[in-house]
Amino acid sequence: MCKHIVVATQQFGSVISGVGTYANSLVNVLLDKGYAVTVICPTIPGSIVSKSNLEILQINKPVFKSAARWIPIAWSFSKVLQTYLRSRSPDLVYFIDARESVFTQTNVPMLGSIHDGYAASCSFNPFALRGDYADWISRWFYYHITAYLEAIAFDKFSFLHYVSDFTRNQIETRYNIRTDNITTIHIGLDTKRFPKAENIRPLEKRIPGKILTVGGNPERKGIHRLVRVLPEVKRRVPEVHLYIAGGDVHSSIVKTIASLGVQDSVTWLGWLDAGQLKQHYESASVFAMPSLVESLGLVYLEAAIYGTPVLASSNSGLVEVFGQSGALLSDPRDDEALVANLLDLLTNKALSKNLVEAALNIVHKRDIRDTVEEISRFLEQALSVRETS
């Protein structure tokens, strides 16, 4: 008799982020392995090929788009699961985002993935956020409410998967994780969707001085830091221009741009589809995202696979992936170091070329299929433990 797995995920059919790429790839592998899979998600996709061992249940879509939207989504997951489990008895429930289990009550073993630890790492002193966030008071409350709910959620799991040891350390420093069945597996890219290394655009054909950054949460992604150091970088590289993709215009950062007089050196691109973002990856001289805190950040890997030199945050799990050879790692709160690293990438072509070559070698070995295979083995371990218990 085939095993039955319920997968709860915000993204199925369509992909908004790396978590969505991972969720869709995982479900396809599980189906190919012969598991019966029930996916619970906000939108029933029209492009999914019907399979006899696939069932899709829809939850209510959240009515707002803020970072806290995961809370009503978690509530919807719990209500749909509660109804479903009255008539069905799956072997495992897998939450792609573990915190979304917070309202779920079940005797079925659960596996969860933890993708970030920004709430867990938030200081208990609210003034610690004041220098980085315009909404520092409300953000501090939100982060600590999230941390409280995460602690409840993570305590429910028989099995946990972290996407980086960096995040694992953040979580386990803050919360009392009681399960022993824990693993760290870095997620990767669907490398078949990207150009081969020999087909990427060389650096000499890029737009000189073009810095690309991506982030729907611009302050946490360190974009305000990039803006603050832009005048100093511009003094040495007059043609420098910062392009901001992946989010709406941020009023506080716009004010900073105006106060520094660099309006002509910043362009807000807004939300882009994969094809539009590809064009910017391929034309940029530098990809920079000095996040204040970052678990893994697949956009770094995307930039690298397009041959763009990467400046990443040292306060992240990227150190585990890129080491010291695939990217420049910058302390997001050290403006002098950020300026120096940006200037190095913009002016030192030999350095940039070496980083690109090393990063391409690293990223092409981090295919999402390998990640999913590792996860499926962990999942099979979870199923085997239940059988023997």
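Please go through the stretch 204-236 and give me each residue that is open to solvent by 40 Å² or more (accessible area, probe 1.4 Å) and either within 24 Å of VAL319 (Cα to Cα) or modelled with pLDDT under 90 (or both), ordered by number. Lay out the reasoning, then the answer.
The initial filter retains those residues of the stretch 204-236 that are open to solvent by 40 Å² or more (accessible area, probe 1.4 Å), namely 204-205, 207-208, 216, 228, 231-232, 234-236.
The answer is GLY216, and nothing else.
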So ALA312 fits all but one of (1) surrounded by 18 or more Cβ atoms within 10 Å (Cβ to Cβ); (2) in a helix (DSSP H, G or I); what number is the exception?
(2)
Using the structure shown, decide if LEU383 is surrounded by 15 or more Cβ atoms within 10 Å (Cβ to Cβ), in contact (Cβ under 8 Å) with a residue 24 or more places away in the chain and in contact with a helix residue (DSSP H, G or I) (Cβ under 6 Å, 6 or more places away or on another chain).
no
Filter result for the condition that a residue is modelled with pLDDT under 95 and farther than 27 Å from THR347 by Cβ, over GLY270, GLY246:
GLY270
The stretch 95-107, residues that are outside any helix (DSSP H, G or I) and in contact (Cβ under 8 Å) with a residue 40 or more places away in the chain
PHE95, ILE96, ASP97, VAL102, THR104
Consider the stretch 320-357. How many of its residues are in a helix (DSSP H, G or I), over 29 Å from PRO231 (Cβ atoms) and either at pLDDT 95 or above or open to solvent by 30 Å² or more (accessible area, probe 1.4 Å) (or both)?
2
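Taking the stretch 140-183, which residues are part of a loop (DSSP other than H, G, I, E, B) and of a type in the set (S, T, N, Q)?
Correct list: SER158, SER164, ASN176, THR179, ASN181.
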Please work out if LEU272 is within 17 Å of GLY18 (Cβ to Cβ), surrounded by fewer than 16 Cβ atoms within 10 Å (Cβ to Cβ) and either of a type outside the set (Ser, Thr, Tyr) or free of Cβ contacts under 8 Å to residues at least 12 places away in the same chain (or both).
yes
Among the residues of the stretch 333-378, which ones are of a type in the set (A, V, I, L, M, F, W, C), closer than 23 Å to VAL27 by Cα and touching a helix residue (DSSP H, G or I) at 6+ places or on another chain (Cβ under 8 Å)?
VAL363, ILE368, VAL372, ILE375
Of the numbered conditions (1) of a type outside the set (D, E, K, R); (2) assigned to a helix (DSSP H, G or I); (3) surrounded by 16 or more Cβ atoms within 10 Å (Cβ to Cβ); (4) touching a Gly at 6+ places or on another chain (Cβ under 8 Å), HIS186 fails exactly one; give the number of that condition.
(2)
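If only one of SER121, SER87 is assigned to a loop (DSSP other than H, G, I, E, B), out of contact with any His (no Cβ under 8 Å at 6 or more places or on another chain) and within 20 Å of ILE145 (Cα to Cα), which one is it?
On the way: SER87 fails: within 20 Å of ILE145 (Cα to Cα).
It is SER121.
The values are calculated or read from the model by the stated rules, or taken from the named source; none is laboratory data. Keep in mind the model is a prediction, meaning the values are calculated, not measured. Every residue, glycine among them, receives a Cβ derived from its backbone with ideal geometry; neighbour counts consider all protein chains shown. What goes into the accessible areas is simple: the full protein's heavy atoms, side chains included, and nothing from ligands, DNA or RNA. Shrake-Rupley method; radii C 1.70, N 1.55, O 1.52, S 1.80 Å.
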